[in-house]
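Chemist: Can you keep this structure in mind? I'll have questions shortly.
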Amino acid sequence: MVTRSHTPVDAKVGPLAPYTGTMAKDKTVYSCSDCGGTTPKWLGKCPHCGAWNSLVETAAETPGAGKNRFAGRASLAPSSELKALSQIEASDFARTPTGQEELDRVLGGGIVEGAVVLIGGDPGIGKSTLLLQALDALQRQGHRTLYITGEESGAQVALRARRLGIEGSQVQVLAETHLEKMLATLQSVQPDVAVIDSIQTVYSDQLTSAPGSVAQVRECAAHLTRAAKDDGVSIVLVGHVTKEGALAGPRVLEHMVDTVLYFEGDTHSSFRLVRAIKNRFGAVNEIGVFAMTEKGLKGVSNPSAIFLSQHAEPVPGSCVLVTLEGSRPLLVEIQALVDSGGPSPRRLSVGLDRDRLAMLLAVLHRHAGVACMDQDVFVNAVGGVRISEPAADLAVMLAIASSLRGRPLPKGFIAFGEVGLAGEVRPAPRGQERLKEAAKLGFSVAVVPKANAPKKPIPGLTLHPVERVEQALEVFRSLA
Ligand code: TYD
Ligand code: MG
């Protein structure tokens, strides 16, 4: 007689695994990044709010957490007394300058004790280089530093150090990707500043998902942030950027950390910008400018003219913009190429917003009679710099008009100003400063919003204040 066994096949193979309490899988739940609801297993659609692909793995809360979070803790005394805001002394944060002036500028004067900084950027842009240099400088000032690398071996880090001329450095290096071990090392070493290169390589054994997944990145960053606050360690997390240009772990890290820095720049040019996108201890949009040299990154203390390409004679389709990045004005060349296109002409932009470009083309057509409907339009901000301020509008428009007509703007020409949908030209913040910087660098003709025109003339600078797009185009026609 044939007897059927109901025992699962797996159980027959080898001895039964010893019971170890909850298994890793049981510790995880899937929580919806939209509504926050949880499910015990992964689903394509959130059963609570119906959002698709929103469930990410999260470590389950320990018993006692959740609704009854406070139940067993009633006997605990509150950690500190309540105080009225007016009674709290506003002490400034203890900042440690990193010894790199440009990096300190974006950090708001130095790295703050217990702060967590996230630094993002494309691969190969110089994140590891900059941080190793900064750690070495800090170590030389007598701070304890720790460089945790998950991407490279110790030997590779040493090779980089040799290249940077800091091979004798006392910076402690640890090649580790396991979060729990990392936390234990941080506890025992108690460094002043620790760099984790990169957060995508770190994994916690509390989660089953792969390193680099949203769940792991979020969980690991949260643990490291807590460690930073508890022990007063300043932690710098290196984050990779996804193809779409966002810091991986869709913005999940940005709200957790104190400061978010972003590396920009063209890997083919030697200049790199570090921009503060969020800073609880300083101004945002401040930028630090570096040049990548044989011996690592060197700060550029006077960067205003580095984003100009050197044309011997003016060329069509080029207009210099005075943009204000953080506290310093920068002169950036905006290039445009308008060329006859096919049935569906292309609009491409590098370093500028593409939607804004489409809008400017519409305004040019409607209010200034400049039509590019059947033309491909390409615009580029020279040097890999990314420009987000609307004050670039006027320069973009003039570069397009110049390319379309095949006529260059005059030598020594600059422009800035925001353009509205009604064709009006709106003032840019701190116009005087921009004009002074341009004059200092030898620029002699400027088209600017009327409200930005200074009452006293600036020596060496001929101003053409405009209120409307048509006026700006008229000035261009009279000059070119
Ligand atoms: P890296 O710091 O490894 O970039 P990331 O950590 O952001 O991926 O930078 C690597 C690039 O920098 C590489 O292309 C070589 C270049 N480089 C120099 O030009 N000079 C140097 O002294 C060093 C160390 C790197
Ligand atoms: Mg690196």
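The values are calculated or read from the model by the stated rules, or taken from the named source; none is laboratory data. Only a predicted model underlies this, so the values are computations on that prediction, with no experimental measurement involved. In this analysis, Cβ positions are derived from the backbone assuming ideal geometry, glycine residues included, and neighbour counts consider all displayed protein chains. Surface areas here come from the heavy atoms of the whole protein model, side chains and all, with no ligands, DNA or RNA. Shrake-Rupley method; radii C 1.70, N 1.55, O 1.52, S 1.80 Å.
Chemist: Just add up the charged neighbours of Ala438: K/R +1, D/E -1, any other residue whose Cβ is under 15 Å from the Cβ of Ala438. Don't skip to the end; give the middle numbers.
Modeler: Working: positive: Arg328, Lys411, Arg430, Arg434, Lys436, Lys440; negative: Glu325, Glu333, Glu433, Glu437.
Here the count lands on +2.
Chemist: Can you give me the long-range amide H partners of Thr96? Hydrogens built in the peptide plane at 1.01 Å from N, cutoff under 5 Å, separation of 5 or more residues or another chain.
Modeler: HN-HN under 5 Å from Thr96: Ile111, Val112, Glu113.
Chemist: Then there's this: Give me the extension gain from Lys278 to Ile458: residue separation times 0.36 nm, minus the current Cα-Cα distance, reported in nm with one decimal.
Modeler: Values: separation 180, 0.36 × 180 = 64.80 nm, distance 3.50 nm.
That works out to 61.3 nm of additional length.
Chemist: Moving on to the next point. If one computes the Cα centroid of region 350-377 and of region 303-338, what distance in Å separates the two points?
Modeler: If you average the Cα positions of each part, the centres end up 19 Å apart.
Chemist: Also, quick follow-up: Counting only residues 5 or more places away or on other chains, whose amide H sits under 5 Å from the amide H of Val350 once H atoms are built in the peptide plane?
Modeler: Answer set, sorted by chain and number: Val379, Asn380, Ala381.
Chemist: Which loop GluC sites (Glu not before Pro) in region 140-220, with loop taken from DSSP, have no more than 12 other Cβ atoms within 10 angstrom of their Cβ?
Modeler: Working: sites: Glu151, Glu152, Glu167, Glu176, Glu180, Glu219; in loops: Glu151, Glu152, Glu167, Glu176.
Those that pass, being in a loop and sparsely packed, are Glu167.
Chemist: With equal scatterers on the alpha carbons only and no solvent term, can you work out the Debye log10 of I(q)/I(0) for region 97-301 at 0.08, 0.14 1/Å?
Modeler: -0.23, -0.75
Chemist: Treating each Cα of region 95-157 as an identical point scatterer and ignoring solvent, apply the Debye formula and state log10 I(q)/I(0) at q = 0.16, 0.25, 0.30 Å⁻¹.
Modeler: Taking Cα atoms of region 95-157 as identical point scatterers yields -0.56, -1.29, -1.50.
Chemist: Give me the three principal axis extents of the chain from the C-alpha atoms, as integers in angstrom, largest value leading.
Modeler: 98, 66, 53
Chemist: Using +1 at the C-beta of Lys and Arg and -1 at the C-beta of Asp and Glu, which of Gln335, Val322, Val377 has the Cα lying farthest in the positive direction of the dipole of region 306-479?
Modeler: Val322
Chemist: Enter the accessible area per residue of the chain (Å², integer; probe 1.4 Å; all protein chains in place).
Modeler: Numbers: 24600 Å² over 480 residues.
Per-residue value: 51 Å².
Chemist: Moving to a separate point now. With both partners inside the chain, how many of the DSSP beta bridges are antiparallel, as a percent to the nearest 5? Before the final figure, lay out each step's value.
Modeler: Working: 45 of 84 bridges.
Of all bridge pairs located within the chain, approximately 55 percent are antiparallel.
Chemist: Here is a further query. Starting from region 323-421, pick out the trypsin sites (Lys or Arg not before Pro) whose DSSP state is loop and whose Cβ has at most 13 other Cβ atoms within 10 Å.
Modeler: On the way: sites: Arg346, Arg347, Arg354, Arg356, Arg366, Arg386, Arg405, Lys411; in loops: Arg346, Arg386, Lys411.
When the trypsin sites (Lys or Arg not before Pro) of region 323-421 are filtered for loop state and at most 13 Cβ neighbours within 10 Å, Arg346, Lys411 remain.
Chemist: Calculate, in nm to one decimal, what Glu113 and Arg163 gain on full extension: separation in residues at 0.36 nm each, minus their alpha carbon distance.
Modeler: On the way: separation 50, 0.36 × 50 = 18.00 nm, distance 2.96 nm.
Between Glu113 and Arg163, full extension yields 15.0 nm more.
Chemist: When the dipole is taken about the Cα centre of region 306-479, and only Lys, Arg (+1) and Asp, Glu (-1) are charged at their Cβ, what size is it in debye, to the nearest 20? Don't skip to the answer; put the middle values down first.
Modeler: Numbers: 20 positive and 17 negative charges, 87 e Å.
The calculated dipole for region 306-479 is roughly 420 debye.
Chemist: Let me ask something else about it. In nm, what is the difference between 0.36 nm times the number of residues separating Glu180 and Ser270 and their Cα-Cα distance?
Modeler: Extra length from Glu180 to Ser270 when fully extended: 28.6 nm.
Chemist: What number, in nm² with one decimal, is the all-direction average of the projected area of the convex hull of the alpha-carbon atoms of region 318-442? It would help to have the intermediate numbers written out before the result.
Modeler: Details: hull surface 29.5 nm².
One quarter of the hull surface, i.e. the mean projection, equals 7.4 nm².
Chemist: Another question, then. Summing -39500 (n - 2.57) over the DSSP H runs of n ≥ 4 in the chain and dividing by its residue number, what mean residue ellipticity at 222 nm do you reach, to the nearest 500 deg cm²/dmol? Before the final figure, lay out the partial values.
Modeler: On the way: 10 runs with 114 residues, N = 480.
Here the helix-only value at 222 nm equals -7500 deg cm²/dmol.
Chemist: List the residues whose amide H sits under 5 Å from the amide H of Ile119, counting only those 5 or more places along or on another chain, with H placed 1.01 Å from N in the peptide plane.
Modeler: Amide H neighbours of Ile119, under 5 Å, 5+ apart: Leu237, Val238, Gly239, Leu261.
Chemist: Here's something else I'd like to know. Please compute the modelled spin-label separation between Lys83 and Asp34, points set 7 Å along Cα→Cβ, answer in nm with one decimal.
Modeler: Each label point lies 7 Å from its Cα, and together they span 4.4 nm.
Chemist: Next question, about the same structure. Do any GluC sites (Glu not before Pro) in region 265-374 lie in a loop, going by DSSP, with at most 12 other beta-carbon atoms within 10 Å of their beta carbon, and if so which?
Modeler: Working: sites: Glu286, Glu294, Glu325, Glu333; in loops: Glu286, Glu294.
Filter output for region 265-374: Glu294.
Chemist: Further, regarding this structure: Distance between Cα centroids, region 206-225 to region 399-433: provide it in whole Å.
Modeler: Going from one Cα centre to the other spans 47 Å.
Chemist: For the chain, list the cysteines whose Cβ sits under 4.7 Å from no other cysteine Cβ?
Modeler: When partners are defined as cysteine Cβ atoms under 4.7 Å apart, the chain leaves Cys220, Cys319, Cys372 without one.
Chemist: Provide the FRET efficiency to the nearest 0.05 for the Asp230-Leu43 pair, computing r from the beta carbons and using R0 = 25 Å.
Modeler: 0.10
Chemist: What number comes out for the charge environment of Leu179, summing +1 per Lys or Arg and -1 per Asp or Glu over other residues with Cβ under 13 Å away? Let's see the in-between values first.
Modeler: Values: positive: Lys181, Arg218, Arg226; negative: Glu176, Glu180, Asp205, Glu219.
Residues close to Leu179 contribute a combined charge of -1.
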